[in-house]
1. What's the number of the only condition in (1) of a type in the set (Ser, Thr, Tyr); (2) in contact (Cβ under 8 Å) with a residue 40 or more places away in the chain; (3) not in a helix (DSSP H, G or I) that residue 139 fails to meet?
2. So, in segment 190-210, how many residues would count as being among the aromatic types (Phe, Trp, Tyr) and touching a residue at least 40 places away in the same chain (Cβ under 8 Å)?
3. Working only within segment 56-76, note down all residues that are within 16 Å of residue 249 (Cα to Cα) and touching a Pro at 6+ places or on another chain (Cβ under 9 Å).
4. Given the conditions (1) surrounded by fewer than 21 Cβ atoms within 10 Å (Cβ to Cβ); (2) out of contact with any His (no Cβ under 7 Å at 6 or more places or on another chain); (3) at pLDDT 95 or above; (4) not charged (D, E, K, R), and given that residue 241 satisfies all but one, which numbered condition is not satisfied?
5. In segment 142-159, is there at least one residue being free of Cβ contacts under 8 Å to residues at least 24 places away in the same chain, touching a Pro at 6+ places or on another chain (Cβ under 7 Å) and on the phi > 0 side of the Ramachandran plot?
6. Looking at segment 202-217 only, could you name the residues that are surrounded by fewer than 24 Cβ atoms within 10 Å (Cβ to Cβ) and under 18 Å from the mean Cα position of the chain (by Cα)?
7. Hey, among 160, 171, which residue is in a loop (DSSP other than H, G, I, E, B) and either under 19 Å from residue 238 (Cβ atoms) or modelled with pLDDT of 95 or more (or both)?
Amino acid sequence: MQVSHEKVDAYEPDRSLKGKLRRRLIRLAHRRPARVRLERPMVSFSFDAAPATACEAGARVLETRGLRGTYYFAAGLTGRDGPMGRFATGEDAARLHAAGHEIGCHTFSHLDCGQASRAATLADIEQNARALSDWGTGTPVSFAYPYGDVGAPAKTLLAGRFKTVRALHHGLIADGADLNQAPAVGIEGEDGEAVALKWLDRAHARKAWLILYTHDVSDTPSQWGCSTGALERLVDGALNAGFDVVTVAEGARRIGL
């Protein structure tokens with residue numbers, strides 16, 4: 001696969017009042033409620049858009065503890081420079097897959113599913129799924145909306161296509177959670193670690209499944225990433241609290257999907 005070195009600029013999804021209302025209303029529609037009965041709480045560590053540092057430093061944090069994560073690749077970004085640093089390549093995805101990590105699906109171009117038409121969304125996802133298949137990383141069963149944004153065309157299109165379709169609004173996967181727009185909590189920004197710790201406490205109390213996400217992982221992360229130290233502390237904290245640390249695909253399997 002030929003790698004583009006064109007720089008990817010930061011993109012801001014629709015923050016207008018109309019956009020905010022759409023995001024609230026779509027969470028009420030086209031739902032697929034989860035049925036969750038767990039003996040122990042679960043947590044998944046996931047990495048959106050797969051910056052190279054997440055595939056290196058992030059994977060190392062997990063692998064040294066015998067754990068694995070979920071990487072949502074947007075194949076059209078591979079090898080390019082962006083606001084989170086260089087994005088990983090198909091070779092990185094193949095290496096992660098061989099090591100037991102899950103390769104999940106984004107859209108190919110990191111398309112905003114809240115703004116795009118059904119046809120454009122379908123074409124972009126199909127292109128991404130083909131790229132992942134060409135890399136030898138298997139058929140993806142987990143999807144994450146880029147920017148966490150979604151409209152009715154995308155949500156109806158993806159309903160049932162993937163075992164989990166993940167968004168970015170905070171919450172736990174417990175009884176009744178919407179698997180077509182599953183909640184997640186970001187480890188990003190100055191308070192990312194503290195926010196993640198609060199949600200780990202909530203997941204522990206409810207014996208629920210928490211999906212954490214970030215982007216780049218380094219000692220000097222972007223505003224969308226987290227430090228290596230923060231990731232280490234969160235992983236160790238989850239293990240010490242008795243969480244099962246699972247990929248998103250394994251978490252889905254454990255709740256019967």
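The values are calculated or read from the model by the stated rules, or taken from the named source; none is laboratory data. Computed from a prediction, not measured in an experiment: that's the story for all the values here. Please note: Cβ atoms are built from the backbone with ideal geometry, for glycine as well, and neighbour counts cover all protein chains shown.
1. Among (1) of a type in the set (Ser, Thr, Tyr); (2) in contact (Cβ under 8 Å) with a residue 40 or more places away in the chain; (3) not in a helix (DSSP H, G or I), residue 139 violates only (2).
2. Quick first cut of segment 190-210, residues among the aromatic types (Phe, Trp, Tyr) only: 199, 209.
If we keep only those that are touching a residue at least 40 places away in the same chain (Cβ under 8 Å) as well, we get 209.
Summing the residues that are among the aromatic types (Phe, Trp, Tyr) and touching a residue at least 40 places away in the same chain (Cβ under 8 Å) in segment 190-210 gives 1.
3. 72, 73
4. (2)
5. No - not one qualifying residue is present in segment 142-159.
6. Initial filter on segment 202-217 (surrounded by fewer than 24 Cβ atoms within 10 Å (Cβ to Cβ)): 202, 204-208.
Answer for segment 202-217, where residues must be surrounded by fewer than 24 Cβ atoms within 10 Å (Cβ to Cβ) and under 18 Å from the mean Cα position of the chain (by Cα): just 208.
7. Details: 160 fails: either under 19 Å from residue 238 (Cβ atoms) or modelled with pLDDT of 95 or more (or both).
None of the others qualify; the one that does is 171.
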